[in-house]
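Here is the structure we will look at.
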Amino acid sequence: MKVLLVEDEKMLAYEVNAFLKKAFYICDLAHTGKKALEMLDINVYDFILLDLGLPDIDGLALLTQAKKLNPDAAYIILTARGNIEDRIKGLDLGADDYLAKPFSLPELQSRMQAIGRRKFNIRNESIALGDFAIDLQNRTVQHGTSLIELTRKQFDLLSYMLLHKNRVLTRTQLSEHIWGSYSDDDCDSNYIDVHIKNIRKKLNAYASVCWLETIRGVGYKISKQL
Amino acid sequence: MKLFTKLTLFITLSKLALVLIFLLSLPFLVERIASEFTNNYLRQQQQKVMEVIGKNGVGFYLQDEESYGSYTLLKEEYIALELTSDRLEIDTIENTERIVESDTLNYRVLIHTFTDQGNRYLLEIGKTTSTISQYNRPLQRIASVVLIALIIITLVADLVFTRFLLKPLGRIISSKLLNRKFPFRDNIPPVQTTTSDFKYLDHSLITLMDQIHDTFEKEREFTANASHELMTPISILQHKIENLIDDAALNPEFQHRMTEMQRTLNRLKKIVRSLLLISRIENDQFIRTESWSVRKLVEAVMDEIGHRMEEHQISLKLQLGDETVLHHINRDLIFQLLYNLINNAIKYNKENGIIRVSEVKKVNHPYQLCIEDTGIGISEEDLPLIFNRFRKATDTGKSGYGLGLSIVKSIADYHHIALSVKSKLGEKSRFTLTFSNETVKC
């Protein structure tokens, strides 16, 4: 997957780039709107991550132009201005998603995956996890032929960790994914523990869940051999 | 009272007073005029008599007799001339009685003495007072009718003109003040008027509202810029920490400390977000056009945090009808408001506690929503402070940055919801939301 990151804050762009590379994306950087348009003219991208607060071109104007050059790409707006109007305008102009800065990097990746599934019509077969089969489309967890009931939040947690398998996710990252901007302070990280405990309890009744690891003092990780 | 009503009252009353004064003084005036007129008439008659005497001598009238008298058929006027021995000079006009042919009549009499060829003569010219005042009544009547007609005509003219004159003021009030909503985004053209005072008023109002609008826009821009300036460094830090935690080369101790850093940064992020949210609410940046059922909203909140109640064995008593709908609201904000209140009710509750969400819905009574918990309560001295920013109840011992309730307050104010709290320390707290009629019709 090819990504163009349009971001004038170089340090920020560097970190996002490093993260996406690790997740096997090929990432190009543009620090100005002009540069972005040049690159869009030569290359074809799957994802365009667009910061609205660029120094040279208004972000929404750039979005309109970029869509002409690269109509099939998925557009995600990243902005720190947090204007509600910007969000509505951006989505009206055809952006696929909108992330308010500061966002969490795993969250960005999960949004990209979700859009990818929708936009490029990728239908993954159910994913094997230990002795379980997880179907992301139908949101089900199966062991053999028996269906295991998970609550909505529990399934969200499990699929989020599965998406970021072999990567430690902190309680902060997990609670931000589950509760978004409503997540509040330290309290939520305890509820993450409760959710994990309940997931383990439900799945353990069928088979071992040793792939769901607790990393002491940090968070949780799904270890899975590819 | 409206200006037009006041003016109408004043004009009508002042004209009525005028009519009254005139009607009261009319008899007196008419009498004065009649009497002046009679005096003049008598003097003219005197002059004519004196002219005849001057031309023809007294003998023309006296014909060698001592006196001469002449009166009209109905004794309305008479002239008398006689020799007198009185040496006094008399020249008066007075009302007096005279006996003419055995009839005693009231006359206005001119008495004049003069000397002719060495003899003193006394001339009297009289006119009955009844003839003098015979025109008084019709005169008075005509004057009254004309006056009242004139008054009515001017009154109508005054009112029509006043109404016309004040019309621009009404338009200024309705277009510039009554029908406008903060922050006065729409540009309304100046009201057409030739009255300079109104022009000035209209112009001042337009300028004032433009200023308010400008300040408001600046504030909005400031919020957006502040958001950008604050969120960008937080973003960089957050991403750096995230990438570092993931770095497999790190040792566990290092990773643990990075996680703590992330938590602290997250705290900072939440505070900045909350402050910006409050600022955006106060800056009117949210639309209020949605309608949502109260029950659905509460259930949506429960869907998010219901598991927390189970965790603490807290039971929920939902005493809500299905049909109450909130209008003119921002769904996300009201959700946040309920979320914060219910989240607090869980956070500050006791194990096996109860949360009661109930409503008061009566005819002619504003709709009320109550969120009650059986928690640690709020002490009396803390009660007035809980909605202040960064003010944390002193002895809760739980985390919280004192912004949750500030947000609740801002959202409530933004939706014209009155917010009240009752609490008993160590027993319960009860938050009551009283909605305006515009939001919920009972």
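A few remarks follow.
- Selection status of A:GLY94, of a type outside the set (A, V, I, L, M) and either on the phi > 0 side of the Ramachandran plot or within 13 Å of chain B (Cβ to nearest Cβ) (or both): yes
- Test: residue in the range B:192-201 that is of a type in the set (Ser, Thr, Tyr), modelled with pLDDT under 90 and under 30 Å from B:PHE37 (Cβ atoms): no
- Filtered residues of the range B:227-245 (kept if of a type outside the set (A, V, I, L, M, F, W, C) and within 7 Å of chain A (Cβ to nearest Cβ)): B:SER227, B:HIS228, B:THR232, B:SER235, B:GLN238, B:HIS239, B:LYS240, B:GLU242, B:ASN243
- Residue that is modelled with the lowest pLDDT [pool: residues in the range B:323-353 that are more than 14 Å from chain A (Cβ to nearest Cβ) and surrounded by fewer than 17 Cβ atoms within 10 Å (Cβ to Cβ)]: B:GLU323
- Filtering the range B:82-138 to residues that are surrounded by 14 or more Cβ atoms within 10 Å (Cβ to Cβ), assigned to a strand (DSSP E or B), in contact with a helix residue (DSSP H, G or I) (Cβ under 9 Å, 6 or more places away or on another chain) and polar (S, T, N, Q) leaves only B:ASN106.
- Residue selected from the range A:200-221 under the condition closer than 18 Å to A:LEU163 by Cβ and away from every other protein chain (no Cβ under 13 Å), by the criterion nearest to the chain's Cα centre (by Cα): A:LEU212
- Residue tally, condition in contact with a Lys or Arg (Cβ under 7 Å, 6 or more places away or on another chain) and more than 14 Å from B:ARG120 (Cα to Cα), over the range B:78-98: 2
- First in the range B:29-52 and closer than 15 Å to B:VAL109 by Cα, second anywhere and of a type in the set (Gly, Ala, Ser) and part of a helix (DSSP H, G or I), Cβ under 8 Å, 6 or more apart: B:ALA34/B:SER133
- Filter result for the condition that a residue is modelled with pLDDT of 95 or more, buried (at least 21 other Cβ atoms within 10 Å of the Cβ) and more than 10 Å from chain B (Cβ to nearest Cβ), over A:LEU62, A:LEU5: A:LEU5
- Unmet requirement for B:ILE287, which otherwise passes all of (1) under 49 Å from the mean Cα position of the chain (by Cα); (2) of a type in the set (Val, Ile, Thr); (3) part of a helix (DSSP H, G or I): (3)
- Scanning the range A:133-172 for residues that are among the β-branched types (Val, Ile, Thr), assigned to a loop (DSSP other than H, G, I, E, B) and within 12 Å of chain B (Cβ to nearest Cβ) returns A:THR151, A:VAL168.
- Residue count for the range B:214-226, restricted to those that are in contact with a helix residue (DSSP H, G or I) (Cβ under 8 Å, 6 or more places away or on another chain) and within 8 Å of chain A (Cβ to nearest Cβ): 0
The values are calculated or read from the model by the stated rules, or taken from the named source; none is laboratory data. In this text the structure is predicted, and so the values were computed from the model without any measurement. Don't worry about glycine lacking a Cβ; one is built from the backbone with ideal geometry, like all the others, and counts go over all protein chains shown.
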